[in-house]
């Protein structure tokens with residue numbers, strides 16, 4: 001279950017965090033020391049699949065500015081693909097890694113038909129591309145809460161660059177120039193996934209078409225594959241006694257001599273979970289009242305399967321330390337289990353605990 005918290009469990013989760021924050025703070029202080037080494041290392045990459053719908057590209061096919069965005073009905077573009085023509089695209093973000101979200105995808109593009117053997121009107125070049133563009137993805141939760149924005153720029157069309165995810169079957173060659181919110185400081189690359197035959201990736205429209213009716217007039221669907229290297233990734237703290245995963249009853253570490261039980265509520269302590277609500281200034285410690293809950297969607301996986309997340313918050317008094325309460329699956333197998341936490345679909349390295 002991904003970042004779903006029942007209304008009656010959230011107060012209990014918050015109370016649990018408040019009652020035990022002093023105990024947890026000792027772990028957080030150790031986390032801060034461990035984190036210093038981690039900050040000097042490159043965070044592991046994550047691959048995000050962003051799905052958009054109602055994807056429309058408005059081509060600048062008229063010179064009379066007074067007619068821009070005035071026609072209520074769908075108006076096909078009159079000279080799509082013409083070299084050096086400009087266009088603006090708008091689409092709705094509907095899912096990230098299959099999880100429903102909301103948000104807006106925008107792009108600004110210039111058609112530049114690069115060809116090794118051009119026909120008249122195309123540009124001769126050593127590479128094959130169709131345009132130069134800036135793409136933005138402003139991602140929100142389903143309730144409209146902002147998560148963060150990813151910004152990219154580069155070339156549309158052609159082949160994907162070396163090292164791109166294998167799902168990038170529609171090519172493209174975009175660099176991630178940065179991000180905000182959960183994606184602050186992100187870098188990496190982005191490409192596109194080919195649609196099934198007969199499924200349009202976008203609808204080309206005249207710049208005279210009113211974008212207020214974009215959803216009514218309809219558009220295409222597109223999946224983007226984002227190979228993202230975050231500034232920092234979620235990571236369970238490692239203590240001298242093992243991963244900082246504890247029994248919520250007494251906050252003792254889960255160990256081979258005191259293993260976790262199926263269905264038990266555990267607390268893990270981590271870094272790199274990102275912004276909170278209420279927000280705190282960079283470099284400032286988390287408050288104890290009100291509790292600073294994590295803003296991004298949080299997922300905890302046990303042996304690769306999503307576990308129920310009961311709450312996630314910044315540890316009061318700590319700098320970048322977080323506590324996440326989750327329930328072990330009732331069917332968790334006996335033996336060694338892997339625990340992996342993610343925030344805003346950015347995944348940290350797994351740790352192992354013992355299950356009885």
Every residue from the range 281-310 that is in contact with a strand residue (DSSP E or B) (Cβ under 6 Å, 6 or more places away or on another chain) and under 17 Å from residue 147 (Cα atoms): 292, 293, 294, 295, 296, 298, 299
Complete set of residues in the range 290-314 that are in contact with a helix residue (DSSP H, G or I) (Cβ under 8 Å, 6 or more places away or on another chain) and farther than 27 Å from residue 98 by Cα: 291
Scan 246, 239 and give me the residue that is buried (at least 18 other Cβ atoms within 10 Å of the Cβ) and either over 30 Å from residue 98 (Cβ atoms) or in contact with a helix residue (DSSP H, G or I) (Cβ under 8 Å, 6 or more places away or on another chain) (or both). 246
If the Cβ limit is 7 Å and pairs must be 6+ apart or interchain, which residue in the range 121-132 that is not assigned by TED's automatic domain parsing to the domain that holds residue 170 pairs with which residue that is surrounded by fewer than 17 Cβ atoms within 10 Å (Cβ to Cβ) and modelled with pLDDT under 95? none
Would you check if there is a residue in the range 311-321 being in a loop (DSSP other than H, G, I, E, B), on the phi > 0 side of the Ramachandran plot and surrounded by fewer than 23 Cβ atoms within 10 Å (Cβ to Cβ)? yes
Looking for something in the same structural domain as residue 318 (by TED's automatic domain parsing) and touching a residue at least 40 places away in the same chain (Cβ under 8 Å) - is there at least one such residue anywhere in the range 280-288? yes
Which of the residues belonging to the range 100-114 are surrounded by 15 or more Cβ atoms within 10 Å (Cβ to Cβ) and assigned to a strand (DSSP E or B)? 102, 103, 104, 105, 107, 109, 110, 111, 112, 113, 114
Look at the range 115-152 and say how many of its residues are under 29 Å from residue 229 (Cα atoms) and in a strand (DSSP E or B). 19
Check 154, 188, 148, 219 and return the single one that is in contact (Cβ under 8 Å) with a residue 40 or more places away in the chain, buried (at least 18 other Cβ atoms within 10 Å of the Cβ) and farther than 24 Å from residue 297 by Cα. 219
The number of residues in the range 83-99 that are in a strand (DSSP E or B), out of contact with any helix residue (DSSP H, G or I) (no Cβ under 7 Å at 6 or more places or on another chain) and under 23 Å from residue 206 (Cα atoms) is 7
Restrict the check to the range 326-336 and report whether at least one residue is surrounded by 21 or more Cβ atoms within 10 Å (Cβ to Cβ), assigned to a strand (DSSP E or B) and either free of Cβ contacts under 8 Å to residues at least 40 places away in the same chain or under 19 Å from the mean Cα position of the chain (by Cα) (or both). no
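The values are calculated or read from the model by the stated rules, or taken from the named source; none is laboratory data. This one's a predicted model, so the numbers in the text were calculated from it and none came from an experiment. We place every Cβ from the backbone using ideal geometry, glycine too, and count neighbours over all the protein chains shown.
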